[in-house]
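Trainee: One structure coming up, written as structure tokens, with questions to follow.
Taken together, the values in this text are just the output of simple stated rules run on the coordinates, not laboratory data. Since the model is a prediction, treat every value here as computed from it, not as a measurement. So basically every Cβ, Gly included, is an ideal-geometry build from the backbone, and we count neighbours across all protein chains shown.
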């Protein structure tokens with residue numbers, strides 16, 4: 001069915017079944033609490049979906065499960081036409097090269113340089129020799145510069161990660177995923193450390209990139225306005241269940257109230273703990 | 001928006017490539033000089049000899065006669081370490097007193113810093129202590145074995161000299177690191193240097209001194225075993241003999257005894273340090 | 001009661017010291033007698049005129065390089081082996097592997113380098129190969145334990161994230177864990193290399209090559225003049241390494 005080696009051309013993505021499909025998926029945390037219950041989800045290739053919901057609802061767990069970081073307690077998982085947990089370890093690693101998870105807190109070693117951090121995106125596609133050589137002398141400077149350039153970070157190419165702000169680090173994480181060239185992009189709070197203007201700009205950029213490659217994009221967001229502004233399809237998650245799955249145009253205050261009920265009591269501001277950045281954003 | 005400008009060069013590239021080049025250039029002669037050959041560990045004829053030697057490790061030798069020999073050798077090692085430390089202390093304490101600035105009379109009027117010409121005695125003594133401890137004790141052992149013959153005497157002398165250097169230097173520094181006011185007050189009141197030491201410095205310094213000395217005693221035990229390999233008696237000398245005779249079982253017993261000895265010494269030293277410090 | 005126990009330990013120590021001297025039956029009388037001292041003085045005088053002939057100095061130069069090579073290659077091997085053992089020892093492969101690797105590391109560490117050298121001479125024959133292997137094995141134990149402790153304090157998230165993007169294990173380790181581990185790795189390795197240069201010159205006493213073996217030979221042949229040159233060379237090398245590493249540490253190691 002799916003040829004893993006095909007490049008991302010617009011024709012390919014069209015009609016090969018859903019990009020991802022979850023059926024009756026449950027997941028339990030190590031402590032025994034039920035994190036996800038009875039998740040049924042299908043996303044077509046090239047679709048762009050936002051996941052919203054109160055804190056602790058299970059958005060991160062859902063994304064991590066889709067990234068094959070977690071194995072479901074029950075239910076079926078199908079990603080890019082394959083069942084990841086029925087594959088051999090090697091085949092699963094190859095599948096993972098096509099799935100790009102953007103972490104909320106970018107997992108970048110502080111002393112690493114930005115260029116190496118970005119190049120690490122293609123480790124799954126490189127031979128070991130090429131990977132090790134690139135550690136000493138970066139082999140694809142142009143590719144890394146292009147990915148960073150899309151996020152206006154081209155001048156940070158040779159800086160160390162611990163010299164960047166929270167928002168800049170998040171964008172480096174996004175650049176790494178762009179360099180990886182994933183078919184399925186999973187973004188966990190990708191703009192939480194950015195100010196509202198930059199956040200909106202970055203989300204727009206992420207959406208355009210996904211459309212350009214015909215990649216499927218799922219992003220979890222705290223800020224509902226950003227979700228409604230950029231994504232055509234919204235999924236509301238609450239207490240580990242999908243509360244609603246509708247086009248953005250059909251979302252009204254009723255749905256949001258049901259989703260965030262009782263959240264006023266422990267309402268947290270939409271941004272994450274990272275410092276805010278004032279930046280020159282080129283208006284496109 | 002594509003960036004048509006060329007990507008700037010990696011600023012770290014030159015130094016990294018040079019370092020890598022240097023490493024590669026040095027690696028080859030290094031391998032040749034060290035004659036590294038991991039194959040010997042698995043080589044055919046070697047493997048047979050090694051194999052029979054290692055297989056003889058089990059069971060460790062436990063014949064009656066041998067155990068008596070083992071016991072004697074262990075006691076000898078302990079005795080070498082203890083006697084060596086005692087002699088070392090006999091040299092170290094006076095040297096430390098001479099080398100330390102804590103008992104300086106000239107410092108009284110200079111806010112704690114001795115006059116430069118008073119160092120005429122201190123620096124040579126310090127220098128001597130540093131020289132004594134820089135030469136590895138096993139070298140002393142080798143020389144003493146040639147001078148006074150095989151056996152524990154060489155080991156005792158080697159430890160005495162090297163550890164005198166270590167203990168002396170550290171003691172001198174301990175004396176300087178405690179609160180100087182009591183000693184200075186005594187010196188200022190007309191006490192002799194020794195009196196100022198015993199009443200002003202020693203009470204504060206005892207804990208640290210004992211702690212370090214006990215730790216050094218533990219090292220001395222290990223050093224005694226190692227020195228035995230060049231003929232300075234004790235467990236090490238016996239181990240060397242057994243190895244030359246390819247008596248694997250005996251070597252195994254002695255290694256186990258050595259490990260047990262080191263463990264016990266560690267426990268004892270911790271007990272004493274806890275008790276005294 | 002407490003007075004008794006406070007007296008007991010110093011008395012015990014005194015007793016131990018007396019017993020030690022008695023056991024050894026050190027013939028201090030003979031040692032410090034006129035004959036004994038003159039004998040030692042005569043032996044020592046042979047060292048006062050070191051042999052500085054060109055051929056001997058060439059041999060010493062070769063011995064020095066051999067000693068340096070032994071220490072460098074031995075330390076390098078130790079880093080590789082230590083890192084390999086540090087991964088299970090830090091618990092990355094489960095409890096059983098952790099216990100087994102820790103046991104192995106402790107065994108490698110506990111046996112002194114010289115004892116390893118004697119064993120390696122039996123296995124590999126005389127020469128620097130035995131010394132290199134001995135240093136590698138002992139230092140692997142020391143470094144492995146230090147690396148394992150450093151690894152335990154290194155977060156696994158970066159490497160895990162890379163694995164999740166399809167990377168192989170080795171590449172994920174190099175890009176995700178190694179950058180954080182690197183400064184400690186280098187610091188410990190340099191510290192042990194410094195120590196190993198000292199040890200490498202001494203291992204030769206049991207036949208493991210380098211300056212030590214030269215010294216042992218000349219002493220056995222009662223060639224004190226040659227021996228004293230070797231001793232001078234050993235001391236110079238140790239002093240040079242000490243000052244070099246002090247300078248390097250001051251220049252490169254920041255907090």
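Trainee: Subtract the Cα-Cα distance of residue C:225 and residue C:251 from 0.36 nm times their separation in residues, and report this length gain in nm to one decimal. Before the final figure, lay out each step's value.
Mentor: Numbers: separation 26, 0.36 × 26 = 9.36 nm, distance 3.93 nm.
My answer for the length gained is 5.4 nm.
Trainee: Just rank B:209, B:85, fewest to most, by other beta-carbon atoms within 10 angstrom. Intermediate values should be presented prior to the final figure.
Mentor: Numbers: B:209 21, B:85 26.
By the 10 Å Cβ count, ascending: B:209, B:85.
Trainee: Using Cα pairs under 8 angstrom and six or more residues apart, how large is the relative contact order of chain C, in percent?
Mentor: Working: 294 pairs, mean separation 63.2, N = 255.
Relative contact order here is 25 percent.
Trainee: Going by alpha carbons, how many degrees (0 to 90, nearest 10) lie between the helix axis of C:95-110 and the longest principal axis of chain C?
Mentor: Once rounded, the angle reads 20 degrees.
Trainee: Just for the protein assembly as shown, what percent of DSSP beta bridges are antiparallel, to the closest 5?
Mentor: Details: 19 of 36 bridges.
The answer is about 55 percent antiparallel.
Trainee: What is the average number of partner chain Cβ atoms found within 10 Å of a Cβ in A:120-129?
Mentor: Working: counts 10, 5, 3, 12, 9, 3, 3, 2, 6, 0.
What the average comes to for A:120-129 is 5.
Trainee: Output the relative contact order of chain B, whole-number percent, from Cα pairs under 8 angstrom with separation of 6+ residues.
Mentor: Numbers: 314 pairs, mean separation 68.8, N = 277.
It rounds to 25 percent for chain B.
Trainee: A further question on this structure: To the nearest 0.05, what FRET efficiency results for residue B:54 and residue B:179 with a Förster distance of 60 Å applied to their C-beta separation?
Mentor: Efficiency, from the Cβ-Cβ distance: 0.60.
Trainee: Over chain A, what is the mean sequence separation of C-alpha contacts under 8 Å (at least six apart), divided by residue count, expressed as relative contact order in percent? Don't skip to the answer; put the middle values down first.
Mentor: Working: 510 pairs, mean separation 72.1, N = 284.
Over chain A, the number comes to 25 percent.
Trainee: P(r) for chain A, please, calculated from all Cα pair distances in 5 Å bins and given in %.
Mentor: 1, 5, 12, 16, 19, 17, 14, 9, 5, 1, 0, 0
Trainee: Alpha carbon centre of the stretch A:65-133 versus the stretch B:200-273: separation in Å?
Mentor: Centre-to-centre (Cα) distance: 52 Å.
Trainee: 7 Å from Cα along Cα→Cβ at both residue C:11 and residue B:115: what's the point-to-point distance in nm?
Mentor: 4.9 nm
Trainee: So how far apart, in nm, are the two label points at residue A:162 and residue A:245 if each is 7 Å from Cα heading toward Cβ?
Mentor: In this crude spin-label approximation the distance works out to 4.5 nm.
Trainee: How much length would be gained if the chain were fully extended between residue B:41 and residue B:246, taking 0.36 nm per residue of separation minus their Cα-Cα distance, in nm to one decimal? Show your work: numbers first, answer last.
Mentor: On the way: separation 205, 0.36 × 205 = 73.80 nm, distance 1.65 nm.
Extra length available between residue B:41 and residue B:246 comes to 72.1 nm.
Trainee: Using the number of other C-beta atoms within 10 angstrom as an exposure proxy, rank B:161, C:73 with the fewest first.
Mentor: Numbers: B:161 20, C:73 26.
Ranking B:161, C:73 by Cβ neighbours within 10 Å, fewest first, gives B:161, C:73.
Trainee: Using a 7 Å offset from the Cα along the Cα-to-Cβ direction at both residue B:24 and residue C:239, what is the distance between the two label points in nm, to one decimal?
Mentor: 3.8 nm
Trainee: Another question, then. Provide Rg and Dmax in Å for the stretch C:59-252, with only Cα atoms included in the calculation.
Mentor: Using the Cα atoms of the stretch C:59-252, the pair Rg, Dmax is 19.2, 67 Å.
Trainee: Okay, next question. How big is the protein assembly as shown along each principal axis, measuring the range of its Cα positions in Å and listing the largest first?
Mentor: Answer, in whole Å and largest first: 110, 75, 59 Å.
Trainee: For an R0 of 51 angstrom, estimate the FRET efficiency from the Cβ-Cβ distance between residue B:71 and residue A:139 and round to the nearest 0.05. Kindly include the intermediate steps, with their values, before the conclusion.
Mentor: On the way: r = 65 Å, r/R0 = 1.27.
Efficiency for this residue pair is about 0.20.
Trainee: Where both partners of a DSSP beta bridge lie in chain A, what percent of those bridges are antiparallel, to the nearest 5?
Mentor: On the way: 19 of 36 bridges.
Of the beta bridges lying entirely in chain A, close to 55 percent run antiparallel.
Trainee: While we're on this one: What's the average, rounded to a whole number, of partner chain beta-carbon atoms within 10 Å of each residue's beta-carbon in B:149-161? Let's see the in-between values first.
Mentor: Working: counts 0, 0, 4, 5, 7, 0, 1, 6, 3, 0, 0, 0, 0.
Rounded to a whole number, the mean comes out at 2.
Trainee: Still on this structure, I have one more. Arrange the peptides B:231-241, A:24-34 so that the one whose residues have, on average, the most other Cβ atoms within 10 Å appears first. Please list the in-between numbers first.
Mentor: Working: B:231-241: 24.7, A:24-34: 12.7.
Per-residue Cβ counts within 10 Å, averaged per peptide and sorted highest first, yield B:231-241, A:24-34.
Trainee: Still on this structure, I have one more. How would you classify chain B from its alpha-carbon gyration tensor, with a ≥ b ≥ c the square roots of the eigenvalues: rounded for a/c under 1.5, else prolate if a/b is greater than b/c, otherwise oblate? Walk me through the numbers on the way to the answer.
Mentor: Numbers: a/c = 2.45, a/b = 1.20, b/c = 2.05.
Judged from the Cα gyration tensor, chain B comes out oblate (a/c at least 1.5, b/c at or above a/b).
Trainee: Suppose only helical runs count, i.e. DSSP H with n ≥ 4. What mean residue ellipticity at 222 nm does that imply for the protein assembly as shown under -39500 (n - 2.57) per run, divided by all residues and rounded to the nearest 500 deg cm²/dmol? Spell out each step's value before the answer.
Mentor: Working: 33 runs with 503 residues, N = 816.
After summing the helix terms and dividing by the residues of the protein assembly as shown, the value is -20000 deg cm²/dmol.
Trainee: Okay, next question. Could you line up B:146, A:113 from fewest to most neighbouring Cβ atoms inside 10 Å?
Mentor: Working: B:146 19, A:113 23.
Final ranking by Cβ density, sparse to dense: B:146, A:113.
Trainee: Note the full-extension length gain between residue A:33 and residue A:229 as 0.36 nm times their separation in residues minus their Cα-Cα distance, in nm to one decimal. Mind showing how you got there, number by number?
Mentor: Details: separation 196, 0.36 × 196 = 70.56 nm, distance 3.37 nm.
Extending this stretch completely gives an extra 67.2 nm.
Trainee: While we're here: Per residue of B:14-23, what is the mean number of Cβ atoms on other protein chains within 10 angstrom of that residue's Cβ? Numbers along the way, then the final one.
Mentor: Numbers: counts 0, 0, 3, 2, 0, 1, 3, 0, 0, 1.
Going residue by residue through B:14-23 and averaging, the value is 1.
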